[in-house]
Structure formats: C-alpha cells, structure tokens
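Here is the structure we will look at, set down as structure tokens.
The values are calculated or read from the model by the stated rules, or taken from the named source; none is laboratory data. From a predicted model like this one, the values you see are computed outputs, not experimental measurements. Positions of Cβ are backbone-derived with ideal geometry, glycine not excepted, and every protein chain shown enters the neighbour counts. All accessible areas refer to the heavy atoms of the entire protein, side chains included, with ligands and DNA or RNA removed. Shrake-Rupley method; radii C 1.70, N 1.55, O 1.52, S 1.80 Å.
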Amino acid sequence: AILVLSSPFMILIALAVKLTSKGPVIFRQDRLGQFGTQFKCLKFRTMYSDNDPKIHEEYCQRFIAGKADGETASGDPPVYKITNDHRVTQIGRFLRKTSLDEFPQFWNVLVGEMSLVGPRPPVPYEYAVYDIWHRRRVLEMKPGVTGLWQVSGRSRSSFNDMVRLDLRYSKSWSLWLDLKIIAATPRALLGGEDAY
C-alpha cells in the first residue's frame, strides 16, 4: 500500500536524482539481515557514482569504536555520522536529511528481507568489526526501515547506545511498540536535526 500510494512521489524523486547527476537512480548495497542473511538493500542514490567507498568503511570503524566525527561548537554531544561529505550530491543531501532516500526499502519489506520496524541492517564490513554482543542486533530481529534508534536520537547516539536500543526493542517487542515507533517516525524525519 505504501509503495502504491508513494509511487508518484517516488517518480519525482527518481527524476530529480537522474537529472542532477550521472549514474543509476537506485543504489543497491549488500546488507546483512536476520541471522546474517545477505541481501541487496535499496535506496535512492544520494552520492556521485565515482566516489570512494573506503571513506564509509573507515567511518564505520571509528563509529563502532566510539570516535565521533567532531565536537560541536555549541557544546552539544558529538555527531556520530559523516558530516559535510563531499561525495553526496545536492539533491542527495535533502534526501538524506528527510530520509526520503530510504523509500525504495519498502520493496525490501514487500519481499520479506526487511520489516517496517527493526534494527538498521549493517554492511558486511561493519559487521566484521562488531564485538560479540553487538552481533545480537543482527541475529535476533529482522532489520527495519525505521526503529527505536531512528526515533530516539539517530546520529547523536553512540554505536553502543544504538545497539542497546536495538536489543531493548528485541526484548520488549510488541505490536503496540511497533505502532508507537511508526507513529513517531514522521516527526523524527521532518525534524531532521540528527540526519546527515
């Protein structure tokens, strides 16, 4: 239903991506689902097609180790996200800030690779540097388009905090909790303060 209702909007996003930079409209990335099953996670492409993927791999290692991208001038908590990434296109910045780049993941939900709510699916090189207790977030639940982390701080949370939120969600899962997270997601997306 979401795919059908949002299809005119997604066509406009696809045109904006195609007309503003070279490369495919949809970005396919290997991710790990429940029990470590690998699948192609879909997103609207937000980067130039000739970028260096090593930058993200190094960022993941810093993020998991708890090393922030930089302290904020206002004294706010550090940002655990790549900020001012030169690889991101102009339209890509908007799509990332509003999380509209993740709309194609509803196809992943439709085919059973993801759920509406759950932990974010990691890339294999991220999973490779997990501590043993971190791996529970991949083993216990199917990954989701939104989750407790997305509505509870996003990039202001450390990686360990994110994992704890995922494990808390797994332990206390209920349909009511899913509905509360889904209801809180639009506000988190429209706010966009912690999205980069």
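As an exercise: evaluate residue 179 against (1) at pLDDT 90 or above; (2) crowded, with 19+ Cβ neighbours inside 10 Å and give the number of the one condition it does not meet.
(2)
Return the pair list, or none, for Cβ contacts closer than 6 Å from residues in the range 104-128 that are at positive phi and in contact (Cβ under 8 Å) with a residue 24 or more places away in the chain to residues that are open to solvent by 60 Å² or more (accessible area, probe 1.4 Å) and not in a helix (DSSP H, G or I), at least 6 apart or on different chains.
If the second residue must be open to solvent by 60 Å² or more (accessible area, probe 1.4 Å) and not in a helix (DSSP H, G or I), the pairs left are 118/142.
Can you report the number of residues in the range 120-168 which are among the hydroxyl-bearing types (Ser, Thr, Tyr) and at pLDDT 90 or above? Step through it out loud before you land on a result.
Narrowing the range 120-168 to residues among the hydroxyl-bearing types (Ser, Thr, Tyr): 125, 127, 130, 146, 152, 155, 157-158.
Retained after the next criterion (residues that are at pLDDT 90 or above): 125, 127, 130, 146.
Count: 4.
Out of the range 10-33, which residues are open to solvent by 60 Å² or more (accessible area, probe 1.4 Å), under 18 Å from the mean Cα position of the chain (by Cα) and either at pLDDT below 95 or among the hydrophobic types (A, V, I, L, M, F, W, C) (or both)?
Step one: of the range 10-33, the residues open to solvent by 60 Å² or more (accessible area, probe 1.4 Å) are 11-12, 15, 18-20, 22, 24, 27-28.
When the remaining residues are screened for being under 18 Å from the mean Cα position of the chain (by Cα), the result is 27-28.
Once the filter is applied, which keeps residues that are open to solvent by 60 Å² or more (accessible area, probe 1.4 Å), under 18 Å from the mean Cα position of the chain (by Cα) and either at pLDDT below 95 or among the hydrophobic types (A, V, I, L, M, F, W, C) (or both), the range 10-33 yields only 27.
Mind checking whether some residue in the range 34-48 is modelled with pLDDT under 95, in contact with a Leu (Cβ under 9 Å, 6 or more places away or on another chain), surrounded by fewer than 14 Cβ atoms within 10 Å (Cβ to Cβ) and assigned to a helix (DSSP H, G or I)?
Checking the range 34-48: at least one residue is modelled with pLDDT under 95, in contact with a Leu (Cβ under 9 Å, 6 or more places away or on another chain), surrounded by fewer than 14 Cβ atoms within 10 Å (Cβ to Cβ) and assigned to a helix (DSSP H, G or I).
Taking the condition in a strand (DSSP E or B) and either within 22 Å of residue 142 (Cβ to Cβ) or open to solvent by less than 50 Å² (accessible area, probe 1.4 Å) (or both), does residue 3 pass?
Numbers: in a strand (DSSP E or B): no; either within 22 Å of residue 142 (Cβ to Cβ) or open to solvent by less than 50 Å² (accessible area, probe 1.4 Å) (or both): yes.
Criteria not met by residue 3.
Does residue 131 satisfy the criteria of being under 29 Å from residue 90 (Cα atoms) and not basic (Lys, Arg)?
On the way: under 29 Å from residue 90 (Cα atoms): no; not basic (Lys, Arg): yes.
Judged against the criteria, residue 131 is not a match.
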